[in-house]
1. For the stretch 185-221, which residues satisfy the criterion of being of a type in the set (A, V, I, L, M, F, W, C), under 17 Å from Leu121 (Cβ atoms) and in contact with a Ser or Thr (Cβ under 7 Å, 6 or more places away or on another chain)?
2. Could you please let me know if Thr65 is in a loop (DSSP other than H, G, I, E, B) and either within 29 Å of Lys106 (Cα to Cα) or not small (Gly, Ala, Ser) (or both)?
3. Does Thr196 meet the test of being among the β-branched types (Val, Ile, Thr), touching a residue at least 60 places away in the same chain (Cβ under 8 Å) and either touching a Phe, Trp or Tyr at 6+ places or on another chain (Cβ under 8 Å) or surrounded by 15 or more Cβ atoms within 10 Å (Cβ to Cβ) (or both)?
4. For Met1, work out the one condition from (1) within 16 Å of the ligand (Cβ to nearest atom); (2) of a type outside the set (Val, Ile, Thr); (3) open to solvent by 10 Å² or more (accessible area, probe 1.4 Å) it doesn't fulfil.
5. Applying the selection to the stretch 5-59, what residues are among the aliphatic types (A, V, I, L, M), under 20 Å from Ala73 (Cα atoms) and assigned to a strand (DSSP E or B)?
6. Scan the stretch 22-42 and report the pairs whose first residue is under 16 Å from Thr232 (Cβ atoms) and whose second residue is at pLDDT below 95, with Cβ atoms within less than 9 Å and a gap of 6+ or a chain change.
7. Just need a number here: residues in the stretch 201-225 that are away from the ligand (no atom under 14 Å from the Cβ), part of a loop (DSSP other than H, G, I, E, B) and open to solvent by 20 Å² or more (accessible area, probe 1.4 Å).
8. I'd like to check something: does the stretch 226-237 contain any residue that is assigned to a helix (DSSP H, G or I), open to solvent by 50 Å² or more (accessible area, probe 1.4 Å) and either within 14 Å of the ligand (Cβ to nearest atom) or of a type in the set (Lys, Arg) (or both)?
Amino acid sequence: MRYIFANWKMYLNYSETGELANKLVDLEISDDIEVGVFPNSLAFSNVLELVGKNISLGAQNVSWTPQGAYTGAVSAWFFKEVGAKYALIGHSERRYIFGETDQDIKKKIEACFDSGLIPVLCIGDTAEDKENGKSEYRIKKQLMKAFEGLGVGQNQMIIAYEPVWAISKAGQGEDCGSDQAKIMHDFISQELKNYTDLEFPIIYGGSVKSENVESYLREDSISGVLVGNASTKFESFSEIVEITNKIVK
Ligand code: PGA
């Protein structure tokens, strides 16, 4: 199975989101590919209604408390109730812009397990980590903080390796070649063995586009891609799916 996940972030407004979803309805998707879309929470139900037959939906973020006096929060349970399958947890924009901590991230993973969502745990080294030769250290630590004391049991989970320096801002990110991504993916799968016997898919994210998606997907240790900017335009996203269709054939 290959995962093609579209993280629409807050790039699109409500009507643009609907327009893009409308175009995705006719997308041809091979049975060996799972396409997942992570729209803005407000547009979630609308997108699900439009594309839910052949595309899975996920939350960009969840809060860990099921219900109660938590102003502004949207729980994992709420997303599950309206039809979400996945949730992005610990995306670098949540960590570094909104100050999400490792403890928050662990609680959110637990909330996904308890509510029945599949967490997509995002981890990644910063530019500073890379400069200081601390990329593996950062990954090791993020995994440790997420997994230590976590009862994984038989729960499903996906790991997304997203080097922060490769994530695009307004379409621009430094390129993390597939060779470099592969090294980190291999490192992550080794590290995961410390915490579980299950084999979780590890997907890559960071400036993935139609021009480079094939190079990532040709690596055995890269089970899919998490696409931000390029997933918000129908032409580039449909090209990514088409290329993946050919790869899995
Ligand atoms: P990008 O974003 O494809 O725009 O670099 C990826 C992500 O942040 O998930």
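The values are calculated or read from the model by the stated rules, or taken from the named source; none is laboratory data. Just so we're clear, the structure is a prediction, and the values are computed from it rather than from any experiment. No Cβ is skipped: glycine too gets one built from the backbone with ideal geometry, and neighbour counts run over all protein chains shown. We work out accessible area using only protein heavy atoms, side chains counted, and drop any ligands, DNA or RNA first. Shrake-Rupley method; radii C 1.70, N 1.55, O 1.52, S 1.80 Å.
1. Of the residues in the stretch 185-221, the ones of a type in the set (A, V, I, L, M, F, W, C) are 187-188, 192, 198, 200, 202-203, 208, 213, 217.
Now drop any that are not under 17 Å from Leu121 (Cβ atoms), which leaves 187-188, 192, 198, 200, 202-203.
Of everything in the stretch 185-221, those that are of a type in the set (A, V, I, L, M, F, W, C), under 17 Å from Leu121 (Cβ atoms) and in contact with a Ser or Thr (Cβ under 7 Å, 6 or more places away or on another chain) turn out to be Ile202, Ile203.
2. Numbers: in a loop (DSSP other than H, G, I, E, B): yes; either within 29 Å of Lys106 (Cα to Cα) or not small (Gly, Ala, Ser) (or both): yes.
Yes: the conditions hold for Thr65.
3. Against the criterion (among the β-branched types (Val, Ile, Thr), touching a residue at least 60 places away in the same chain (Cβ under 8 Å) and either touching a Phe, Trp or Tyr at 6+ places or on another chain (Cβ under 8 Å) or surrounded by 15 or more Cβ atoms within 10 Å (Cβ to Cβ) (or both)), Thr196 does not qualify.
4. If we test Met1 against (1) within 16 Å of the ligand (Cβ to nearest atom); (2) of a type outside the set (Val, Ile, Thr); (3) open to solvent by 10 Å² or more (accessible area, probe 1.4 Å), just (1) comes out false.
5. To start, the set of residues in the stretch 5-59 that are among the aliphatic types (A, V, I, L, M) comprises 6, 10, 12, 20-21, 24-25, 27, 29, 33, 35, 37, 42-43, 47-48, 50-51, 55, 57, 59.
Okay, now just the ones that are also under 20 Å from Ala73 (Cα atoms), so 10, 42-43, 57, 59.
Within the stretch 5-59, Leu57, Ala59 meet the criteria.
6. These pairs meet every condition: Leu24/Asn54; Leu27/Asn54; Val35/Asn54.
7. 6
8. Applying the first criterion (assigned to a helix (DSSP H, G or I)) to the stretch 226-237 yields 229-232, 234-237.
If we keep only those that are open to solvent by 50 Å² or more (accessible area, probe 1.4 Å) as well, we get 234-235.
Add one more test, that the residue is either within 14 Å of the ligand (Cβ to nearest atom) or of a type in the set (Lys, Arg) (or both), and what stays is none.
So far as the stretch 226-237 goes, no, none of its residues is assigned to a helix (DSSP H, G or I), open to solvent by 50 Å² or more (accessible area, probe 1.4 Å) and either within 14 Å of the ligand (Cβ to nearest atom) or of a type in the set (Lys, Arg) (or both).
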